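Notes follow the structure.
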Amino acid sequence: MNDRPLIAREKIARLRASFIAQLPERLVNARQLHEMLFNPATPLAAAATAAADLHRLLHSLKGTGATLGLRGLAEEAARGETIAIQIAEQIDLATPATAFELMGCLELLEQVIRELIETPASTAAANQESSAPAFELTDRPETAGDQRTAPPGPRLVYLCDDDAVQVEHLAAQLQCFGYRTATYGDPRALRQAIQQQRPHAIVMDIIFPEGESAGTDTMIAMNQELTERVPTVFMSARYDFDARLRAVQAGGSAYFPKPVDVMGLVARLDALTIQREPEPYRILIVDDEPEVAAFHADILQDAGMTTRILESHESVLNELDDFHPDLVLMDMYMPQCSGRDLAQLIRQMPNWVSLPIIFLSSETDKAKQFSAMRIGAEGFLTKPVQPAELVTAVSVRSERMRDLRSLMVRDSLTGLFNHTTTTQMLANALATANRHNVPLGFAMIDVDRFKSVNDTYGHIMGDQVLVALARILRERLRNSDIIGRYGGEEFAVIMRDVTLEEATRIVDNVRHDFSQVRFHNNGIDFHCTFSAGISLSSREKSLIFIRAEADRALYQAKNQGRNRVVTITS
C-alpha cells in the first residue's frame, strides 16, 4: 500500500493550521490599511502605499488559501483583491462607495476566518469546502535517469576466449581504464565463475573449439538460469550478418570484430555498467508566505530535488553564490521588492544572467503575466498549481540549465572542464588552500609527439587518443581532483591537499597506464605517452607563478626524453 498521499495530507494539514493561526493578525493589518486608505487626512502618497500593501495582502491570502485548499477564504480574498486593484490604479478616484464595498469584503473575510478558527479539526477534515486541497495528490513523479547503482568498487568484467594471448592482452587494456578483470578459456569455466560471483559485464568470443555457436549458446543457457541478465558484449573474427544475428538473439548488447577496438569497447562497457545517481536539481524558492514555500518545497523534494527557502529578498545574492541553484521559483508580489524587480536584479548579475526564473503567483491578469515574462522569466505558474505541473515545469527548465552550463564550462571532445573554467577553479582552489593552510598540487600534462599522431594516423585517431587520456584521468584520479583540457593536447590537474610526493605518484601511475593502451588504425597498432610537470602551492606563490612552475617542469620533462613526470621543488 502506498501511504504517500496520507503523509502529504498530514503535511498540508499542519501547514494549513499554521496559516490559519496567523489570519487574525493579517485581518487586523487589512483593517488598518483600509482605515488609512480612506482617511481624508492621509496624504495621497501614503494612501497609494496603503492600497498597494492591501492588494498584496489580499493577493497573498487568495493564493495561499487556494494552495492549501481553503476555497472560501480564497474566494473572499479574491473579491477584495479586485477592489483593491481598482483603488490602487485610481487612488485619487476612491469614493465612500468603494470604501463601503471593500469593508463589506473584509467583513465577509473576517467571518470566514472566524469559522476556520472555531471549526474543530475533526469537522474541518470532513468539510470538503475548507479542507480539501485544490489538486489531487499522486504517487511520487518519476525522475529522469536510471536510479540503480552497481556494487561498490571497481567494475568486474569476465573475458572468455580460447586465445589466451589475446584475452590476457585485452584484460590488461581494460585494467588501464579502471576495470577489474578475470579471464577464462572456455564457456564451462565461465559458467562456473558466474555461479560463484556475478560480474558487471561479460566480454566473450562467439566461436570456440566446441562449435561456431558455442559462445552464443552458452549465453542463452545462462540467461535462462539467471534472474537478471548480465550485460554481454560479443567479439569475433567473423564480420558476417549471421554471426551478428546470433549475438543479438543471444542477448548481446554489442558486437566487436577482432581485433577489438579497445576505446569502443571501453565506451560500451561504461554505458552498460556505470549507472550513476543523477545529481538532484537545486531549486531556490523565494516567497514571503512560509506555508506556501514549505508546501512547494515538499512537492519538489518528494520528486528528488534539493530546495532552499528564502522568505526575504535581502540575502538572495549570497544564497545564489552559496547554493548555486539550477532554477529560482519566486512569488510575484512580495513586500518592498516585487518578484519582477528581484528577477531584473538577478538578470543584471553576469554569473546568473541565464539562470531560469519561474514566477509562481495567483495573478490571473494575462497582461501582468506577460509583463513579468518580458524581463526574461522562463515561465509563469498560477496558484494553486498541480504538483505534477510544478515538478515538470521545474525539472524541464533545470535540465536545460544543466545542459547549457555544461556547454559553457566543458570541452566538447573530452567532457573535461575547458581552459577558462579550469583557470577559475585553480584560482578558487588556491584561495581555499591558502585559507586552510593545506598544499595544492598543479600538474600540466602534454601528449608526446601528438602532431606525429595526427600526421600519421589522422585527426580522428588523434581525437581518440585525447578521449582515451581524458577517460583514464577521470578513472585514475581522486574524486576531489579537478581535471581540465587546457588546450590542444595539453591537460591540467588540480589536486587538493597533497604532498609533492603524493602528486607525483598519482600522475606517474596515470602515465604508466596510458602508455599501456593500444590504439588500432588500419591494421596498425601504436601506443602513446605523455610528459607532465608538477608544482606545489604555498602562501607566497600566486596563481601565475604556480602555472609558470608547472609549465617549466613540463618543459624539463620534454627535454629529458619525454614519457616522464618532473616536479619543481623550489
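The values are calculated or read from the model by the stated rules, or taken from the named source; none is laboratory data. Values in this document were obtained by computation on a predicted structure and should not be read as measured data. Positions of Cβ are generated from backbone atoms using ideal geometry, with glycine treated the same way; all protein chains shown enter the neighbour counts.
From the set of residues in segment 538-570 that are without any contact (Cβ under 8 Å) to a residue 40 or more places away in the chain and under 34 Å from the mean Cα position of the chain (by Cα), which is surrounded by the most Cβ atoms within 10 Å (Cβ to Cβ)?
This residue is 542.
Which pairs do you get when a residue that is more than 12 Å from residue 334 (Cα to Cα), found in segment 41-57, comes within reach of a residue that is of a type in the set (D, E, K, R), reach meaning Cβ atoms under 8 angstrom, with the pair 6+ apart or on two chains?
Between residues of segment 41-57 that are more than 12 Å from residue 334 (Cα to Cα) and residues that are of a type in the set (D, E, K, R), the close pairs are 44/92.
Which residue out of 444, 401 is touching a Leu at 6+ places or on another chain (Cβ under 6 Å) and surrounded by 15 or more Cβ atoms within 10 Å (Cβ to Cβ)?
444
How about segment 487-519: which of its residues are within 17 Å of residue 562 (Cβ to Cβ), among the hydroxyl-bearing types (Ser, Thr, Tyr) and surrounded by fewer than 17 Cβ atoms within 10 Å (Cβ to Cβ)?
515
Scan segment 430-444 and tell me whether some residue there is under 28 Å from residue 462 (Cβ atoms), out of contact with any strand residue (DSSP E or B) (no Cβ under 7 Å at 6 or more places or on another chain) and without any contact (Cβ under 8 Å) to a residue 40 or more places away in the chain.
Scanning segment 430-444 turns up no residue that is under 28 Å from residue 462 (Cβ atoms), out of contact with any strand residue (DSSP E or B) (no Cβ under 7 Å at 6 or more places or on another chain) and without any contact (Cβ under 8 Å) to a residue 40 or more places away in the chain.
All but one of (1) modelled with pLDDT of 90 or more; (2) not assigned by TED's automatic domain parsing to the domain that holds residue 344 hold for residue 414; which doesn't?
Looking at each condition in turn, residue 414 falls short on (1).
For residue 129, which of the numbered conditions (1) at pLDDT 70 or above; (2) surrounded by fewer than 22 Cβ atoms within 10 Å (Cβ to Cβ) fails to hold?
(1)
Within segment 520-537, restricting attention to residues that are touching a strand residue (DSSP E or B) at 6+ places or on another chain (Cβ under 9 Å) and surrounded by fewer than 19 Cβ atoms within 10 Å (Cβ to Cβ), which residue is modelled with the lowest pLDDT?
Out of the qualifying residues, it is 520.
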